[in-house]
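The values are calculated or read from the model by the stated rules, or taken from the named source; none is laboratory data. Nothing here was measured: the structure is a model prediction, and the numbers come from that model. Here the Cβ positions follow ideal geometry from the backbone for every residue, glycine too, while neighbour counts run over all protein chains shown.
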Amino acid sequence: MGNPNILDDVFEKFINEAKLFKDREVLRHDYLPEKLPHREEQIRLLGQVVAPVLKDSRCSNIFIYGKTGTGKTAVTKFVVSHLESKAKEYGAPVKFCYINCRMTGSEYRVFASLSQSLGLSIPFTGLSVGEVFDRFQAGLDSTRTLFIIILDEIDALIKDRGDGILYELTRINESLHKSKVALIGISNDLRLKEFLDPRVFSSLSEEEMVFRPYDAGELRNILQERSRLGFFEGVLSEAALSICSALAAAEHGDARRALDLLRVAGEVAERQGSATITEEHVREAEKHIEHNKVVEALKNSTLHSKLVLLSVYHLGKACSGSATTGEIYDVYNELCGELGVSMLTQRRLGTLINELDAMGLLNSKVVSMGRYGRTKKIRLEIARSLIQDVFATDGRLGHLMEYTPKLVSKKQ
């Protein structure tokens with residue numbers, strides 16, 4: 001057993017050292033503040049789109065795009081919570097359901113969550129997706145409700161599972177008699193249209209909003225506001241505040257990243273027993289976050305994205321680091337067979353490779369092969385050891401780490 005005295009010392013020190021944090025939760029990116037600086041225009045616009053439900057009319061479906069950390073979720077939750085209290089005041093029959101598609105992960109679980117929010121009980125597994133959808137539709141129609149469904153990070157679900165779920169939801173109003181559904185879709189990927197059937201896209205995006213990234217000045221205001229609530233006075237140095245804003249602005253104006261930097265810098269300073277948070281603490285925090293970010297990105301990738309990464313990983317052993325799309329597709333095909341999952345088309349696979357390239361996990365560049373034309377060479381952009389660490393502990397994929405695909409053994 002470990003020595004309990006060590007921990008006593010750690011905990012005592014923590015309790016008695018200089019206090020930096022007044023309220024740590026305020027510095028988490030999922031904390032919903034009372035006001036959202038620099039998003040007044042988006043709040044007004046979204047408010048105007050959803051307002052008709054207060055007079056018992058269905059509002060338009062709306063699609064909200066913007067990179068991570070541009071305030072899409074915060075603005076949506078902010079508007080919807082205000083709409084909810086107004087609806088109660090006016091006695092309007094409005095219900096809401098917020099679903100994060102990356103966490104929910106499958107059509108079955110999305111429809112089950114929607115059903116549960118209406119008070120229907122759906123078993124965790126065991127029914128077909130069609131059956132769950134039918135129960136949801138029947139349950140909804142019996143309640144005479146204007147139902148607003150918020151699908152956050154919808155891009156994650158569509159890239160993994162296709163757009164069937166959106167097809168069902170955009171057409172549901174044709175079959176409902178007493179209730180109506182409106183959708184708010186939120187996507188981190190501005191190119192989501194490429195993944196969607198044009199019919200689904202036109203019925204889904206009756207209205208569109210694009211959230212632009214914050215600039216350094218705006219991020220500084222956001223951080224200043226939160227640090228006032230989160231830290232004791234005089235703890236945060238001006239230099240640390242400026243550098244958090246500058247780093248996050250360079251990273252495409254990501255307020256989540258800025259808040260994470262600020263919170264982790266506070267934790268680093270706290271561990272070092274420092275009375276103030278300095279620029280050095282922010283630099284240290286950046287290293288922590290960078291490593292965790294790649295690990296998180298790998299863990300949270302969809303199954304098919306993981307299989308693409310694994311294919312490149314295996315080919316890297318045999319092809320001096322880089323592989324072509326065709327080779328990746330062959331290995332991916334084999335890995336899908338091993339797992340017993342149905343594979344995506346080569347076109348969808350190409351889109352996933354571009355996606356992983358944009359995330360910085362793969363590097364794909366077009367090289368000239370002289371008279372044989374041009375081809376894309378793809379290699380891992382991250383350390384192979386990271387893939388080993390993350391996938392070896394993945395229940396589904398662990399055994400594929402040791403597997404040698406046929407194409408790889410031919411090349412070795």
Q. Can you find a residue in the range 394-404 that is surrounded by fewer than 14 Cβ atoms within 10 Å (Cβ to Cβ), of a type in the set (Asp, Glu) and more than 25 Å from residue 156 (Cβ to Cβ)?
A. yes
Q: Specify which of the listed residues (42, 48) is of a type in the set (S, T, N, Q), surrounded by 19 or more Cβ atoms within 10 Å (Cβ to Cβ), over 19 Å from the mean Cα position of the chain (by Cα) and at pLDDT 95 or above.
A: 42
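A quick yes/no check of all residues on (1) assigned by TED's automatic domain parsing to the domain that holds residue 357; (2) under 15 Å from residue 311 (Cα atoms); (3) under 22 Å from the mean Cα position of the chain (by Cα); (4) at pLDDT below 80:
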residue: 370; (1), (2), (3), (4): yes, no, no, yes
residue: 374; (1), (2), (3), (4): yes, no, no, yes
residue: 381; (1), (2), (3), (4): yes, yes, yes, no
residue: 384; (1), (2), (3), (4): yes, yes, no, no
residue: 387; (1), (2), (3), (4): yes, yes, yes, no
residue: 394; (1), (2), (3), (4): yes, no, yes, no
residue: 398; (1), (2), (3), (4): yes, yes, no, no
residue: 403; (1), (2), (3), (4): yes, yes, no, no
residue: 406; (1), (2), (3), (4): yes, yes, no, yes
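To keep it simple, each residue is scored yes or no on (1) within 30 Å of residue 20 (Cβ to Cβ); (2) buried (at least 20 other Cβ atoms within 10 Å of the Cβ).
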site	(1), (2)
182	no, yes
193	no, no
197	no, no
213	yes, no
219	yes, yes
Q | Failed item in (1) in contact with a Phe, Trp or Tyr (Cβ under 6 Å, 6 or more places away or on another chain); (2) more than 23 Å from residue 206 (Cα to Cα); (3) of a type in the set (A, V, I, L, M, F, W, C), with residue 114 passing the rest | A | (2)
Q. Which ones in the range 144-169 are modelled with pLDDT of 90 or more and of a type in the set (Ser, Thr, Tyr)?
A. 145
**Q.** the range 324-342: number of residues that are buried (at least 17 other Cβ atoms within 10 Å of the Cβ) and hydrophobic (A, V, I, L, M, F, W, C)
**A.** 4
Q: Please give the helices (runs of 4 or more DSSP H) falling wholly within the range 298-412 in which 1 or more residues are within 30 Å of residue 187 (Cβ to Cβ).
A: 303-318, 325-339, 346-358, 384-392
**Q.** Residue list for the range 236-259, filter: closer than 15 Å to residue 29 by Cα, touching a helix residue (DSSP H, G or I) at 6+ places or on another chain (Cβ under 6 Å), among the small types (Gly, Ala, Ser) and touching a residue at least 40 places away in the same chain (Cβ under 8 Å)
**A.** 248, 255, 258
Q.
Within the range 261-282, take every residue that is free of Cβ contacts under 8 Å to residues at least 24 places away in the same chain and assigned to a helix (DSSP H, G or I) and give me the one that is farthest from residue 362 (Cα to Cα).
A. 271
Q: Take the range 383-393 and flag every residue that is of a type in the set (Val, Ile, Thr) and surrounded by fewer than 18 Cβ atoms within 10 Å (Cβ to Cβ).
A: 393
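Where residues in the range 364-380 are without any contact (Cβ under 8 Å) to a residue 24 or more places away in the chain and closer than 23 Å to residue 294 by Cβ, which of them is surrounded by the most Cβ atoms within 10 Å (Cβ to Cβ)?
Going through the qualifying residues, I end up with 364.
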**Q.** Residue under evaluation residue 296, criteria (1) over 18 Å from residue 358 (Cβ atoms); (2) without any contact (Cβ under 8 Å) to a residue 40 or more places away in the chain, criterion not met
**A.** (1)
Q | Scan of the range 228-252 for residues that are out of contact with any Lys or Arg (no Cβ under 7 Å at 6 or more places or on another chain) and buried (at least 24 other Cβ atoms within 10 Å of the Cβ), ordered by number | A | 236, 240, 244
**Q.** Top-ranked residue in the range 325-350 [being hydroxyl-bearing (Ser, Thr, Tyr) and in contact with a Leu (Cβ under 9 Å, 6 or more places away or on another chain); ranked as nearest to residue 387 (Cα to Cα)]
**A.** 332
Q) Looking at residue 348, is it basic (Lys, Arg), surrounded by fewer than 16 Cβ atoms within 10 Å (Cβ to Cβ) and within 29 Å of residue 104 (Cβ to Cβ)? A) yes
(Q) Being surrounded by fewer than 17 Cβ atoms within 10 Å (Cβ to Cβ) and under 22 Å from residue 184 (Cβ atoms) is the filter here; which residues of the range 118-138 pass it? (A) 119
Q | Matching entry among 311, 305 (being in the same structural domain as residue 404 (by TED's automatic domain parsing), closer than 22 Å to residue 102 by Cβ and of a type in the set (Ser, Thr, Tyr)) | A | 305
